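**Student:** Here's a structure for you.
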Amino acid sequence: MTRRSLRALGLDAVPFRRPLEYPGRPAPEPCLLLETELLPLRAVPGRPLGAWPVVGAPGPDGTGQPDGPGTPPGTATAPGPRPGPAPPPPPDGTGPPLDAVLTALGRLVTGHRHPVLAVGSNASPAQMGHKLAAHRLPAAVPMVPVTVRGIGVGCSAHIGRAGYVAAAPYADPAAERRLVVSWLDPAQLAAVDASELHYRRVLLPGAAFPITLPSGDRLGGAYLYVSRHGVLLDPATGRPRPGAEDQGALLAALLRSSKRLRNLLGPDPGAWTERARAEETVRAEGARIFREEGWIHPEGDLPTASGTDDVRYADLSP
């Protein structure tokens, strides 16, 4: 199996632990995250994600199991099928289909998973693995960069408990961006929901917000986390302040824009993250300053609900 560790790829920084590196580095190409490794996927036009080959699988021992570290001992696993037989080698030598690999690992296939679009650190394999490990869940997650139209990426008008100002989406009809979709099983989705207390999860319809896979095919929709606090405006432009780029530069700009923020969190981004991480009252006061400075754009142009039932990939039509 083609082995590529997050460390070897330079993707191992966890923004929750290193807030000035937020949002972390996103999945660079279609891949299957397995604990601390990425296995490449080959996008195939006209085929669903589950039929995309996992390049290089099965492993040299012929078991179809990854020859990396695997699930840590004692880790709870999500309900799902029992491990199956090793997927057969494909005739073209590229690797077995993703769903066959997931079945061999005892994980849910893609059709029973929920596509979730990331605008911030959820696009980082390291951050995703960290969030799942906090709930003692194995990291077995397909992650695919996609092209999305109609979504801008700004900054949520709050300060997270890790000390950074996280990204948040807003409606922007002119925008076209490269973002990452992760396919989460129900337990993984619940774990990520629990990490997004300042956000509401909504269903983004593919008809209104086109999502194009690297195969060229359209995705019928995906979940999206929308900030409960709105997004920050740049007082110089009156437009949403760009997010999910350079956290140090963002915090420095916010400090320059407000004496009250400098008094509370200054003089520099390092001091900001240290003080914000240490005290919830400081984070709340920072958010209050955002509001009183008049910097908040309430996001009302995105969908407001996720529906009564969690929608699966198999339920979404392009």
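The values are calculated or read from the model by the stated rules, or taken from the named source; none is laboratory data. On a predicted model such as this, the values are computed, not experimentally measured, just so you know. Counting neighbours? That spans all protein chains shown, and the Cβs are built from the backbone with ideal geometry, glycine included. Quick note on the areas: whole protein, heavy atoms, side chains included, nothing else; ligands and nucleic acids left out. Shrake-Rupley method; radii C 1.70, N 1.55, O 1.52, S 1.80 Å.
**Student:** Does the stretch 88-237 come out rounded, prolate or oblate by the C-alpha gyration tensor, with a ≥ b ≥ c the root eigenvalues, rounded set by a/c under 1.5 and, if not, prolate when a/b is larger than b/c and oblate if not?
**Tutor:** Cα axes put the stretch 88-237 in the oblate bin.
**Student:** Taking square-rooted eigenvalues a ≥ b ≥ c of the alpha carbon gyration tensor, is the stretch 161-237 rounded, prolate or oblate, where a/c under 1.5 means rounded and, failing that, a/b exceeding b/c means prolate?
**Tutor:** oblate
**Student:** Further question: Skipping prolines and chain starts, which residues have an amide H placed within reach, meaning under 5 Å, of the one on VAL180, given they are 5 or more residues away or on another chain?
**Tutor:** ALA118, VAL146
**Student:** While we're on this one: Based on the Cβ-Cβ distance from ARG7 to GLU292, what FRET efficiency comes out when R0 is 30 Å, to the nearest 0.05?
**Tutor:** 0.10
**Student:** Another question, if that's okay. Given a 1.4 Å probe and the protein chains all in place, what does the accessible area of HIS112 round to, in Å² to the nearest 10?
**Tutor:** Its heavy atoms expose roughly 80 Å² to the probe.
**Student:** Each residue of the stretch 252-261 in turn: what ³J(HN,Hα) in whole Hz from Karplus with 6.51, -1.76, 1.60 and θ = phi - 60°, glycine and Pro shown as x?
**Tutor:** These are the phi-based 3J(HN,Hα) values: 4, 5, 5, 5, 5, 7, 8, 5, 5, 5 Hz.
**Student:** Excluding ASP268 itself, what net charge comes from residues whose Cβ is under 12 Å from its Cβ, given Lys and Arg +1 and Asp and Glu -1?
**Tutor:** Spelling it out: positives minus negatives among the neighbours equals +2.
**Student:** Under 1.5 on a/c is rounded, so check that first for the stretch 124-173, then, if it is not, pick prolate when a/b is larger than b/c and oblate when it is not; a ≥ b ≥ c are the square roots of the alpha carbon gyration tensor eigenvalues.
**Tutor:** Oblate shape, in that a/c is at least 1.5 and b/c is the bigger or equal ratio.
**Student:** Could you tell me the calculated FRET efficiency between ALA252 and ARG177, based on Cβ-Cβ distance and R0 = 35 angstrom, to the nearest 0.05?
**Tutor:** Between ALA252 and ARG177 the formula returns 0.90.
**Student:** Let me ask something additional. Please list, by residue number, everything in the stretch 214-234 whose backbone N is under 15 Å from a paramagnetic label point 7 Å out along Cα→Cβ of THR147.
**Tutor:** Counting backbone N atoms under 15 Å from the label point, the list is 214-219.
**Student:** Another one. Would you give the gap between the C-alpha center of the stretch 160-215 and the C-alpha center of the stretch 14-49, rounded to a whole Å?
**Tutor:** 14
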